[in-house]
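*Asks:* Following this message is one structure expressed as structure tokens.
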């Protein structure tokens, strides 16, 4: 989770005006913890938590966490 928050903090563009998304695979408690970390450290306007579907879930397995947001260019 620390690496996800560090990456978001480094790459985000204007977090105060955007909603980020945390997706998880059977890891609801971890997703809620990640949400709180993102709100505190990065300062997103809001963070929405959602579960991944069975197709992606069959590839990544339980415990998966992902963060989606608008960021700066990686180049």
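Rule-based calculations on the coordinates, nothing more; no lab input. Quantities reported herein were computed from a predicted structural model and do not represent experimental measurements. Don't worry about glycine lacking a Cβ; one is built from the backbone with ideal geometry, like all the others, and counts go over all protein chains shown.
*Asks:* Which value in nm describes the separation of the simple spin-label points at residue 74 and residue 59, placed 7 Å from the Cα toward the beta carbon?
*Replies:* Between residue 74 and residue 59, the simple spin-label model gives 1.5 nm.
*Asks:* Tell me what the chain gives for mean residue ellipticity at 222 nm when only DSSP H runs of n ≥ 4 count, each as -39,500 (n - 2.57), the sum divided by the residue total, rounded to 500 deg cm²/dmol.
*Replies:* -10000 deg cm²/dmol
*Asks:* Let me ask another. Using a 10 Å cut-off on Cβ atoms, rank the peptides 9-20, 54-65, 28-39 from the highest mean neighbour count down.
*Replies:* 28-39, 9-20, 54-65
*Asks:* Helix 28-37: angle to the longest alpha-carbon principal axis of the chain, degrees 0 to 90, nearest 10?
*Replies:* 10 degrees
*Asks:* Here are some values of log10 I(q)/I(0) by the Debye sum over Cα atoms at q = 0.11, 0.14, 0.27, 0.28 Å⁻¹: (i) -0.26, -0.42, -1.20, -1.25; (ii) -0.28, -0.46, -1.62, -1.63; (iii) -0.56, -0.72, -1.26, -1.31. Which one was computed from this structure?
*Replies:* Computed from these coordinates, log10 I(q)/I(0) by the Debye sum over Cα atoms at q = 0.11, 0.14, 0.27, 0.28 Å⁻¹ corresponds to label (i).
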